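These notes concern the structure reproduced below.
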Amino acid sequence: MINTSYTKYDMNYVSTRDENTQINTFSEVLLSGLAQDGGLFIPEIYPFIDHETLKKYKTLSYAEIAYTIIEKFVGESIPKKDLEEILNKTYTKTKFKDSKITPIKKLYNNIYLQDLSLGPSLAFKDLAMQFLGNIIEYELTKQNKVLTILGASSGDTVSAAEEAMRSKERINVVMLTPKEGMSEFQKAQAGTILDKNIFNISVDGTFDTCQDIVKEVNKDIEFKQKYSIGAVNSINWGRICAQIVYYFYGYLNTVDTVGEPLDVIVPSGNFGNMLAGYIAKQMGLPIRKLIIATNENKVLDILFKTGVYKQETVITTSSPSMDISKASNFERLLYDCLKRDAKQCSKLMKEFESKKEINLSDLITTLKEEHEFSSDSSTHEDRIKTIKTIYKDTKIIIDPHTAAAIHVAIKNKESDIPMLCMETAKATKFETTIQESIGTIPKREKGFENIESKKQKFYNVDSNASAIKDFIKDNIKL
């Protein structure tokens, strides 16, 4: 639902699976993660921003745009002055190495690159995680509470979350990652964060295994309440609303005149990044096409091409953050497509969870027609070639996830509409692939030299919810 006459109101949140579940404040949603019924929280309405208002945003800084967007989702939950201070503290040149926070580069006549990976973990996740770390700490202090963050990652979320939450006295972080699949650099990024509130757990299995365990733990309401279990991966609405910001900033700093169309191409795994783009479009941002780029794990590409949402065995690839067989945030989009029928959404998601496949062809056809969603995939060879091409033509070194997006853009190079691709991680995180592509590796950012040789700490725990709950019981002080 869209609010076409936004003035001032308090934002309410509902669950995608229970029409009777209503959380009245952003603050409660922020600390809850998943809803008790297993659904995802979503705003009752999407505020609408008209073109005349949008034109005024053209001169704003990133932090100022963040405030204008996020305060609409926070409502009266947090005083405006406090929210503004949190955002000014979050989006600084010190944290993101550039005063523009997410600068735009022109690659070709109609292909642009938005750099989302200038934060402390060198990945786009920092743009939301740094905000979450600061706003969660603010809420916990205000409410005199502690929180145990339980999350899953196949790559960048783990280090981004831990960089944002390290040494925060009221927050413990328990992150599950697969033993195989992450690059050595990614593993070292997480393992070398040795703060006493950080717990890295390695489990046998894929990212989907880790994510399933997190969801299973969250279903135990008594345990969740006792240990104050929360989430910072993209099931947390706080992350999605922070990601909406860079679509507005990217649009305003790419087009010449507000109102001109723009296509966005997003390397997508768990669908949170693309969902933020969809919501930005719902809010009035003049995005034309929303183009999903996947790797060999083509669950989303197949879904948007055939209408069949089918869980497949995960293939380990050179773009590990996209190695998924189901996309958690698709549920939020499905809920919207079903005209916010929580009962029907719950039925379909439970069918998918049991049968590993559902046919959504009618809904996907409508999505493609009304919102201009499309998708494409890439192979390892495609990404290698794209990294090589971009380096040859521009001297910019991109990572394999970003290459998946640019691969799609180059196939549409003659488009009359500008295309904005998301740079989601720095190439230094994937040196083996870069070496294969261009015969050299990028210079590492300051502080990351020889990170693999530094002391690392991981816990090996059985890959089931009971074992993870036992670990939390043994290690987290109430």
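So, L360, is that one modelled with pLDDT under 95 and surrounded by 20 or more Cβ atoms within 10 Å (Cβ to Cβ) or not?
Against the criterion (modelled with pLDDT under 95 and surrounded by 20 or more Cβ atoms within 10 Å (Cβ to Cβ)), L360 does not qualify.
When the stretch 418-467 is examined, which residues are found to be in a helix (DSSP H, G or I), over 23 Å from P267 (Cα atoms), modelled with pLDDT under 95 and not charged (D, E, K, R)?
Within the stretch 418-467, I451, S453 meet the criteria.
Return the total of residues in the stretch 35-66 being more than 19 Å from I279 (Cα to Cα) and outside any helix (DSSP H, G or I).
Residues flagged as more than 19 Å from I279 (Cα to Cα) and outside any helix (DSSP H, G or I) within the stretch 35-66 amount to 6.
May I ask you to list the residues in the stretch 98-119 that are within 21 Å of I135 (Cα to Cα) and of a type outside the set (G, A, S)?
Answer for the stretch 98-119, where residues must be within 21 Å of I135 (Cα to Cα) and of a type outside the set (G, A, S): I101, T102, L116, L118.
Each row is one residue, and each column tells you yes or no for (1) farther than 28 Å from E216 by Cβ; (2) among the polar types (S, T, N, Q).
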{"position": "N109", "(1), (2)": "yes, yes"}
{"position": "F124", "(1), (2)": "no, no"}
{"position": "L132", "(1), (2)": "no, no"}
{"position": "T148", "(1), (2)": "no, yes"}
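What number of residues in the stretch 375-397 are surrounded by fewer than 17 Cβ atoms within 10 Å (Cβ to Cβ) and under 21 Å from K281 (Cβ atoms)?
Total satisfying the criteria: 0.
State whether one or more residues within the stretch 123-141 are out of contact with any strand residue (DSSP E or B) (no Cβ under 9 Å at 6 or more places or on another chain), surrounded by fewer than 17 Cβ atoms within 10 Å (Cβ to Cβ) and either on the phi > 0 side of the Ramachandran plot or modelled with pLDDT under 95 (or both).
no
If you check A427, A405, which single one turns out to be touching a Cys at 6+ places or on another chain (Cβ under 8 Å) and crowded, with 24+ Cβ neighbours inside 10 Å?
A405
Could you please let me know if Y46 is touching a helix residue (DSSP H, G or I) at 6+ places or on another chain (Cβ under 8 Å), hydroxyl-bearing (S, T, Y), under 22 Å from Y138 (Cβ atoms) and in contact (Cβ under 8 Å) with a residue 12 or more places away in the chain?
For Y46, the condition - touching a helix residue (DSSP H, G or I) at 6+ places or on another chain (Cβ under 8 Å), hydroxyl-bearing (S, T, Y), under 22 Å from Y138 (Cβ atoms) and in contact (Cβ under 8 Å) with a residue 12 or more places away in the chain - is not met.
In the stretch 74-85, how many are surrounded by fewer than 22 Cβ atoms within 10 Å (Cβ to Cβ) and part of a helix (DSSP H, G or I)?
6
If D98 passes every condition in (1) in contact with a helix residue (DSSP H, G or I) (Cβ under 9 Å, 6 or more places away or on another chain); (2) modelled with pLDDT of 95 or more; (3) not in a helix (DSSP H, G or I) but one, which one does it miss?
(1)
Is there a residue in the stretch 293-301 that is of a type in the set (D, E), within 19 Å of S374 (Cβ to Cβ) and assigned to a loop (DSSP other than H, G, I, E, B)?
Scanning the stretch 293-301 turns up at least one residue that is of a type in the set (D, E), within 19 Å of S374 (Cβ to Cβ) and assigned to a loop (DSSP other than H, G, I, E, B).
The values are calculated or read from the model by the stated rules, or taken from the named source; none is laboratory data. This structure is a prediction, so every number in the text was calculated from the model and none was measured. For neighbour counting, all protein chains shown are included, and Cβ atoms are generated from backbone atoms with ideal geometry for every residue, glycine included.
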